[in-house]
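Written out below as structure tokens is the structure these notes cover.
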Amino acid sequence: QLQACGGGLVQPGGSLRLSCAASGNIFTFYAVGWYRQAPGKQRELVAIISNLGSTNYAHSVKGRFTISRDIGKNTVYLRMNSLKPEDTAVYYCNGLSGGENYWGQGTQVTVSS
């Protein structure tokens, strides 16, 4: 139900935009979030947007990442600026609906010179 894309290799200080497209109405989900998992680390929440449009961010990305949505396209975006090597991870989008978590496939983001 969720399809993530947009990852890639970028130099430190660069930018990427991830997309998470829902197969149906994005409002099916109470909230849609982006998570990431680096090798050897636990998956962590990066940013989340509720169906009312409120947003929340991990402290480590606040001011650099922006989560947004295009309701007409049923898509949630994660704009990532000023990327750092520690942002390297597999990024996943997640939708919360009816108490269930729905995960999209991961997209690799690598920040390296």
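Which of the trypsin sites (Lys or Arg not before Pro) found in segment 1-105 are in a DSSP loop and have at most 13 neighbouring Cβ atoms, other than their own, within 10 Å?
Loop-located and lightly packed - Lys41, Lys62.
Calculate the dipole size of the chain relative to its Cα centre from +1 charges on Lys and Arg beta carbons and -1 charges on Asp and Glu beta carbons; express the result in debye to the nearest 20.
On the way: 10 positive and 5 negative charges, 42 e Å.
The dipole magnitude comes to about 200 debye.
Which are the unpartnered cysteines of the chain, meaning those with no other cysteine Cβ under 4.7 Å from their Cβ?
If one checks each Cβ against the other cysteines of the chain, Cys5 turn up with nothing under 4.7 Å.
How big is the shadow of the Cα convex hull of the chain, averaged over all directions, in nm²? Write down the numbers at each step before the final one.
Details: hull surface 26.1 nm².
Mean projected area of the Cα convex hull: 6.5 nm².
Stretch Ser50-Thr28 to full length: gain in nm at 0.36 nm per residue minus the Cα-Cα span?
6.8 nm
Whole-Hz ³J(HN,Hα) for each residue in segment 15-25, computed from phi via Karplus 6.51 cos²θ - 1.76 cosθ + 1.60 with θ = phi - 60°, x for glycine and proline: what do you get?
9, 8, 10, 9, 10, 10, 9, 8, 6, x, 5
Sticking with the crude label model, points 7 Å out along Cα→Cβ, report the distance from Gln37 to His59 in nm, one decimal please.
Label-label distance for Gln37 and His59, simple model: 2.4 nm.
Laboratory data are not the source of any read-out in this text; all were calculated from the coordinates shown. Bear in mind that the values here come from a model prediction, so they are computed numbers and not experimental data. Quick reminder, even Gly has a Cβ in these numbers, built from the backbone with ideal geometry, and neighbours come from all protein chains shown.
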